[in-house]
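Accompanying notes for the structure given below.
The values are calculated or read from the model by the stated rules, or taken from the named source; none is laboratory data. What you see is a predicted model; the values in this text were computed from it and never measured. Cβ placement follows ideal geometry from the backbone for every residue including glycine, while neighbour counts extend to all protein chains displayed.
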Amino acid sequence: MPKVAKNALIWHPEQGIYELHTQGKIFQGSLAEDNEQWFSWLNPLTSFTFLGQFGRLTLRKEKRARGESYWYAYRSQGHKTIKKYIGRSTDLTPGRLEATAQAIAKAQVSSPSTASAPPSVQLQAEAFPASEKADSAANIAQEHLLLLAPKFSLPRLHTSLIARERLLKRLDAILEHKLALVSAPAGFGKTTLVSQWIASHNQHLPVSWISLDASDNDPIRFWHYVVVAFRSLHEKFGEKSLPFLLQRPFMRNLPLSLSVLNPFLTSILNELTAFTGGGLLVLEDYHLITTPLIHETVSKLLEHLPSNFHVIIITRSDPPLPLARLRAQGNSIEIQADEIRFSLQDTQAFLQHALPFSLTLEVVQHLERRTEGWIAGLRLLTFTLQRYSSPQEIEEFLVSFAGNHRHILEYFVSEVLNTQPQKLQTFLLKTSILTCLTGSLCNAVTESDDGSQLLGILEQANLFVQPLHSQGDWYRYHALFAEALQHEARRQLGAKTLKLCYSRASEWYEHHGMFNEAIETALSAGQFSRIYTLIEKGFKQFSFTTTGELHTLKRWLEQIPEENIAQFPGLLLLSAIVMLFTQGQLKRGRTLEARIIALLQKAEQAWQESGNIARIGETLALHALVIVLCSGDMLQAGPLARQALTYLPTEEQTYRGISLGILGEYERLSGQLNSARQTLLQAYALNTNAGDRHAAGAALFCLGKVNLHQGELRQASEFFQRVLAQAGDDLSDQFEALLGLAEIAYEWNQLKTAEQQAQQALELSKAIAPESRHLRASLLLISILHARGEASLAQEQLLALIAQASISPVLPRKLYTYLARLRLFTNDMSVTTDWLTTHLPADDSISCQQKEREQLLKARVFLAHKQFSKAQSLLERCLADAQQDMRVHTALQIQLLQAQVLLAQGQLPQATQTFKSCLKQAQSEGYCRLFLDEGEPIKTLLHATLPSLNEDSLFAYARRINLAFADPLAEMSSQPTSREILSPQEQRVLQLLAMGHSKPNIADELIVSINTVKTQVKSIYRKLGVSSRKEACAIARRRNLLRE
């Protein structure tokens, strides 16, 4: 039994006070640093125990050479004791003791033997060592995923265990296999067997142990626990793999899947491979894991596990892993119930050790047959038999002994309980709700002060509890006994009392920073009003971008009745987040949007009534994001984002980053490109600083779109390439980056590349929402068809696309705009202003970009129907608007149309001057389809302008465009060249052409066939961008291509 300290200073979180304990007497009060009661208590002492907010210390007063006495603090950690100087008695205050306890706790956390530190002290730091603080994902995890340290502790072995050499030798085979499966029903000693085997190999094999429970069915949590467990190998384990796990795949618009977790699994396997010492991972109670994705990922781990690493799975039933394949490959061993159960010899040895007298062989055989080697039954039996004083009484009792395991369990638990003192019975029943036990936690649950003593009694009697290895004051109940005790607790104590126990446990967990456990027990207590407070408290400021455990959050919320959720705006907000990010992209749409917005509107109304401005801002930001992700209606989302920013505090990063990103895209679509650029730069900086790579990538992509509109194709291409490189498995980011790159490749007339990228984007669009993405990719592919001269097929596919575009009124307008332009290109005069009015009625809600498209289309209709003044007037207004906000791409389109209007009116000099100005502006970025898509009028202007181009680079650029007109299927480089070089033979042909020689004469002069000359002349014309001898000679003289 643990020795009780005679003198102690104990902190009580419930009352917020310290208690002074002296010789069994207790003095309560608030101790200030100059409190006379404190020093009158302290001065006579030479030692005492301190139990504070940061753990336990032993204080000793030690004399030095000059006779002066000083206080020192001690704390043991495994086989190591940490000593820290405190000072004189006048220095010894409660505040100083708390600071010392905290400093020692931090020192223990940074020590390789961290696992020995008191769990309540080391909890947060053990999960995330200081070396990870530089990584944003680890910082997020440190704040939002608190781990219960005893989960990683091996059960401490009792000294009275039966040696089972045969089974221990069977387990030795794990060192030559990847997997050992120890599978048997409850109470067969699986955990004890594995613990015995580990104890025999502990010096040679690092062990990572996880005690699983039903709350570990969240894949993110499960694998986070695995990373923490592997820190038994090295304290920095997981520095590389953990960021892959905590990169919030749900925020990247991805449902959790094996492909999403593959980067993490690959990284953790690489870390294991790099650790040459090997190791063992033990997954205890794996039967509680029911999530298929966890089984898939564990299978992947086993498949690629390095040969010097091994996994032991302890389970009540065979898990859904590829066991048959592992057997066939010789990669697993299995120990089932038939092997684990006690043999007659084991039973005899056990009873000889457990009972004060021997039983006859006949009685032992009777027991062995009845229990069928069930170890838990035998253990319970020995507790019951201790009431009998002779073998004869035992034998009489055993005559009536019968029943299956469940009956035996219920009977003996009841019998054992009834033989215990009433106080111990109450303690057992009330604390049966706890997964792990320590003295102060038990005190809180039972409202007593003898938890540590009672746990010591249970440990000494080997009754029900297992002490946890290296956690001196932490225990757990045997799982089977815990189930039976809980059954008895429900029967004897009733639901009301148990709820009070859960409530007290929740408060203890909250005080000790174990917020996951606080939430679980609050749910069991029915304290639904505390849930959001606990989430907010425990995770600083919970948001959907700061934890990966949405499945856990979803499970919590599913346990709360809807009427209770409706009473708390915080829970409504969390419900909206879970609904949005656990559905998967294909299930998003208007129906889901309506359901989520209904929740958000209720939350907003409640916060309006309470005047919680910041929360209103969060709700509005999330409302805007829901619209973007479900329907893609940026024109509706933008004003909400702008409104959210007026409510959100300046120091808030997550929601401000999201709102700025949405607002920037809204401004882009509204034509406010300068404002959009500044807003998106803020969004990128804020999201990068917050560690939200997805939101930062989205802002970067939108900046690329701004670059496109402002005529900066190369910068846009660089941004899109960066987004694609960082997208990983994010289908949404992949789609947007690929489509952006395809649009640039199209503009550079790299049609093959554009088609490949657009086709990839189209395939991706089938797996993600909204539907508008599918239409955007399809529209670009139709444009490529038209560019290749397949006008009829392009129109046919466009009409089919229009028939599908029912999701948004904006999309048909965009498609009709393209249809009208295709028809005008083929001189289809059915497109009139009346046609435009019918298909494109006035609508103030459409985006600036769409308005511009329709205005330019209207100008084309005026031009086609020779209404030149109307066309010119409209284009002048459009150009002024475009230039005001630096919409360079639009301005270039307008200037080309103005040149065509001048050409159609016979004003060739003015037309070529306008065209030349446009050519100069487009040259640096390598625009090509801008000119080609205008057709014959621009080809005419190009031919007219070429002879007057004196600058080498501009002439080469114009010639490249001219070559593209001549050969629509030719692939072009995006990089303009200074000039095309004629081959030596072509130079000779050109020289003879300039001298007036005919083609037959040239053939005779060069001793080649007339056909060869014709081919070379065509090549010369193509390279010079001309179509006649006269033009070729003129350019050759001006370009100094002829010999004197």
| query | Say we look at region 568-584 and pick out the residues that are within 16 Å of LEU600 (Cβ to Cβ) and among the polar types (S, T, N, Q); which of these is modelled with the highest pLDDT? | reply | SER575
| note | If we keep only residues of region 674-718 that are touching a Gly at 6+ places or on another chain (Cβ under 6 Å) and of a type in the set (S, T, N, Q), then the residue surrounded by the most Cβ atoms within 10 Å (Cβ to Cβ) is THR679
| message | Among the numbered criteria (1) at pLDDT 75 or above; (2) within 28 Å of SER153 (Cβ to Cβ); (3) out of contact with any Asp or Glu (no Cβ under 8 Å at 6 or more places or on another chain), which one does GLN471 miss? | response | (1)
| Across region 310-351, what is the number of residues that are basic (Lys, Arg) and either over 43 Å from the mean Cα position of the chain (by Cα) or assigned to a strand (DSSP E or B) (or both)? | 1
| Taking into account only those residues within region 416-432 that are surrounded by fewer than 23 Cβ atoms within 10 Å (Cβ to Cβ) and touching a residue at least 60 places away in the same chain (Cβ under 8 Å), which is nearest to CYS501 (Cα to Cα)? | LEU429
| said: Being closer than 16 Å to ASN950 by Cα and crowded, with 23+ Cβ neighbours inside 10 Å is the filter here; which residues of region 896-917 pass it? | reply: PHE915
| Given SER792, SER847, which one is under 29 Å from GLU593 (Cα atoms) and either within 35 Å of the chain's Cα centre (by Cα) or modelled with pLDDT of 80 or more (or both)? | SER847
| query | Taking LEU269 and the conditions (1) modelled with pLDDT of 80 or more; (2) buried (at least 18 other Cβ atoms within 10 Å of the Cβ); (3) within 28 Å of VAL578 (Cα to Cα), which numbered condition does it fall short on, given that it satisfies the others? | reply | (3)
| query | Which of (1) in a helix (DSSP H, G or I); (2) surrounded by fewer than 20 Cβ atoms within 10 Å (Cβ to Cβ); (3) in contact with a Phe, Trp or Tyr (Cβ under 8 Å, 6 or more places away or on another chain) does TYR388 not meet, given it meets every other one? | reply | (1)
| Neighbours by Cβ (under 6 Å, 6+ apart or cross-chain): first from region 881-909, within 17 Å of LYS705 (Cα to Cα); second β-branched (Val, Ile, Thr) and in a helix (DSSP H, G or I) | ALA882/THR890
| Condition met for LEU680 (over 21 Å from ILE627 (Cβ atoms) and aliphatic (A, V, I, L, M)) | no
| remark: For helices (runs of 4 or more DSSP H) lying entirely in region 674-761, having 2 or more residues that are among the basic types (Lys, Arg) picks out 693-709, 713-726
| message | Checking LEU741 against (1) over 15 Å from ALA758 (Cβ atoms); (2) at pLDDT 90 or above, only one condition comes out false. Which one? | response | (1)
| field | Tabulated pairs, region 355-373, first farther than 15 Å from GLN392 by Cβ, second of a type in the set (A, V, I, L, M, F, W, C) and modelled with pLDDT of 75 or more, C-beta under 6 angstrom, 6+ apart or interchain | value | GLU368/LEU344; THR371/LEU378; GLY373/PHE342
| request: Find the residue count for region 981-1018, including only residues that are under 60 Å from the mean Cα position of the chain (by Cα) and surrounded by 15 or more Cβ atoms within 10 Å (Cβ to Cβ). | output: 1
| message | So, LEU572, is that one under 25 Å from SER732 (Cβ atoms), assigned to a helix (DSSP H, G or I) and of a type in the set (A, V, I, L, M, F, W, C) or not? | response | no
| query | TYR746 versus (1) of a type outside the set (Val, Ile, Thr); (2) surrounded by 21 or more Cβ atoms within 10 Å (Cβ to Cβ); (3) under 21 Å from LEU625 (Cα atoms): which is the lone unmet condition? | reply | (3)
| note | When every residue in region 622-668 that is among the polar types (S, T, N, Q) and either in contact (Cβ under 8 Å) with a residue 12 or more places away in the chain or not in a helix (DSSP H, G or I) (or both) is compared, the one surrounded by the most Cβ atoms within 10 Å (Cβ to Cβ) is SER659
